[in-house]
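The structure follows.
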Amino acid sequence: MRKNRMRIPLLLAAAVVLFAAFFPLPYYVTRPGMAKELDSVVHVENGDRAEGKFFLTTVRMGRATVITYLMAKFQDYSEILPLDSVRLENETDEEYNVRQLYYMEESKENAIQAAFKAAGESYEVRHKGVYVLGVVKGMPAEGILQAGDRIIAVDGKTFDSSDRFISYVQSKKEGDKITVTFLRKGKEHREKIPVRRIPELNKPGIGITLVEDKEVKTKREVTIDTEEIGGPSAGLMFTLEIYNQLTKGDLTKGYRIAGTGTIDSDGKVGPIGGVDQKVVAADKEGAEIFFAPNENGKRDSDYQMALETAKRIGSKMKIVPVDTLSDALAYLESLPEK
């Protein structure tokens, strides 16, 4: 009897611990991630090698539990974010992860295009179809399409842009059916989906959120192995590493150079989240220079936040503001050899 009485409190305590450790709260917790050497991630065919290093920087993010929520309250440079500040409306965890992985893939393609353009190397942009980011509940595509599918044709027609795909679908009448050909995990599927008026747009559609799906083809093969890292914030650093391998000489001049920022195909650098946490990660890895989006001199730009964070943690890193790839290249070309 006494053993049974002792067992109940132990079971209750175990249940409380499990709840605190695993039950998801409606928040995300972010904290400084890692600074990863890019020469082990980016490979350009017959690429030139460097003495110094470029680093991408990351933020660690996870769904909050009671334990991680409380820890974040007392840890420097940990942040608690409500779900709706991270995920889109009605977006599932799976759709969020697919969206982040797409943004990473897009940043790779933009980085290749921007680097080859800056280096004067030839390339070709190919439209692969439409990438499905999410499916609207209660709309015709639900249960047929899913986040991560690539639509390659509609009614046997291919399209050279997502705008043309949208225009074609919107030319249909409510009740019409379209035959959608799509790829899922490399396997081709073909399904008929009825067209319905989308209330928010007051236009015909099938109920998906979508983005352009492109591929940049080059004579010199470029591979970027990011495994499960998501998001677009490594775009600038990918571009610098690709450019450095494409061109003769060492753009790093022997320095350890980290940074963050999105990149578009024309080399424009955009802001990101968690720049303070990325500065902390870069400093721990011994980076000497950190590129941060300048946002055309905004008072509360990523550059200003990075500058303040570096001062707060006593870092000796040089924080450099950039608005374009050209800004970063000009700074690096003016650096003395280490």
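Would you mention how many residues in the stretch 154-175 are farther than 14 Å from Ala141 by Cβ and hydrophobic (A, V, I, L, M, F, W, C)?
Of the residues in that region, 1 qualify.
Also: Can you confirm whether the stretch 129-146 contains a residue that is among the acidic types (Asp, Glu) and at pLDDT 95 or above?
no
A further question follows. Select, from Pro271, Pro232, Pro321, the only residue that is without any contact (Cβ under 8 Å) to a residue 40 or more places away in the chain, within 19 Å of the chain's Cα centre (by Cα) and open to solvent by 20 Å² or more (accessible area, probe 1.4 Å).
The conditions single out Pro271.
What number of residues in the stretch 182-194 are under 16 Å from Gly143 (Cβ atoms) and either buried (at least 18 other Cβ atoms within 10 Å of the Cβ) or of a type in the set (A, V, I, L, M, F, W, C) (or both)?
Residues that pass the stated criteria total 2.
What is the one condition in (1) of a type in the set (A, V, I, L, M, F, W, C); (2) modelled with pLDDT under 95; (3) within 18 Å of Gly143 (Cα to Cα) that Ile178 does not satisfy?
(2) is the only condition that Ile178 fails.
From the list Glu212, Glu288, Glu221, which residue is in contact with a helix residue (DSSP H, G or I) (Cβ under 7 Å, 6 or more places away or on another chain), touching a residue at least 12 places away in the same chain (Cβ under 8 Å) and of a type in the set (D, E, K, R)?
Of the residues listed, the single one that is in contact with a helix residue (DSSP H, G or I) (Cβ under 7 Å, 6 or more places away or on another chain), touching a residue at least 12 places away in the same chain (Cβ under 8 Å) and of a type in the set (D, E, K, R) is Glu212.
Just name the residue that is least open to solvent (accessible area, probe 1.4 Å) out of those in the stretch 154-172 that are assigned to a loop (DSSP other than H, G, I, E, B) and not hydrophobic (A, V, I, L, M, F, W, C).
Ser161
Right, something else. Just to verify a result, which residue in the stretch 74-88, among those that are surrounded by 13 or more Cβ atoms within 10 Å (Cβ to Cβ) and over 30 Å from Gln146 (Cα atoms), is farthest from the chain's Cα centre (by Cα)?
Gln75
Can you find a residue that is among the polar types (S, T, N, Q) and open to solvent by 80 Å² or more (accessible area, probe 1.4 Å) anywhere in the stretch 173-181?
Among the residues of the stretch 173-181, not one is among the polar types (S, T, N, Q) and open to solvent by 80 Å² or more (accessible area, probe 1.4 Å), which makes the answer no.
In the stretch 109-146, what count of residues is obtained for those that are closer than 25 Å to Lys157 by Cα and assigned to a loop (DSSP other than H, G, I, E, B)?
7
Right, something else. Exactly one of these conditions fails for Thr223: (1) open to solvent by less than 10 Å² (accessible area, probe 1.4 Å); (2) touching a strand residue (DSSP E or B) at 6+ places or on another chain (Cβ under 6 Å). Give me its number.
(1)
Condition first: of a type in the set (Ser, Thr, Tyr), open to solvent by 10 Å² or more (accessible area, probe 1.4 Å) and not in a loop (DSSP other than H, G, I, E, B). Now tell me which residues in the stretch 238-268 satisfy that.
Answer for the stretch 238-268, where residues must be of a type in the set (Ser, Thr, Tyr), open to solvent by 10 Å² or more (accessible area, probe 1.4 Å) and not in a loop (DSSP other than H, G, I, E, B): Tyr243, Thr262.
Scan the stretch 89-117 and report the pairs whose first residue is buried (at least 20 other Cβ atoms within 10 Å of the Cβ) and whose second residue is in a helix (DSSP H, G or I) and charged (D, E, K, R), with Cβ atoms within less than 9 Å and a gap of 6+ or a chain change.
Sorted first by the residue in the stretch 89-117, then by its partner, the pairs are Ala111/Glu241; Ala115/Glu241.
Follow-up. Please give the number of the condition Met71 fails out of (1) under 24 Å from Ala35 (Cβ atoms); (2) open to solvent by less than 60 Å² (accessible area, probe 1.4 Å).
Failed condition: (2).
Would you confirm whether or not the stretch 195-202 contains a residue that is within 30 Å of Ser171 (Cα to Cα), crowded, with 20+ Cβ neighbours inside 10 Å, touching a residue at least 24 places away in the same chain (Cβ under 8 Å) and out of contact with any Cys (no Cβ under 6 Å at 6 or more places or on another chain)?
yes
Can you tell me which residue is nearest to Met237 (Cα to Cα) among those in the stretch 300-318 that are assigned to a loop (DSSP other than H, G, I, E, B) and open to solvent by less than 40 Å² (accessible area, probe 1.4 Å)?
Met317
The values are calculated or read from the model by the stated rules, or taken from the named source; none is laboratory data. The model shown is predicted, which means the values in this text are computed figures rather than measured ones. A quick note on method: Cβ atoms are made from the backbone with ideal geometry, for glycine too, and the neighbour counts reach across all protein chains shown. When the accessible area is computed, the model is the full protein with side chains, heavy atoms only, and any ligands, DNA or RNA have been set aside. Shrake-Rupley method; radii C 1.70, N 1.55, O 1.52, S 1.80 Å.
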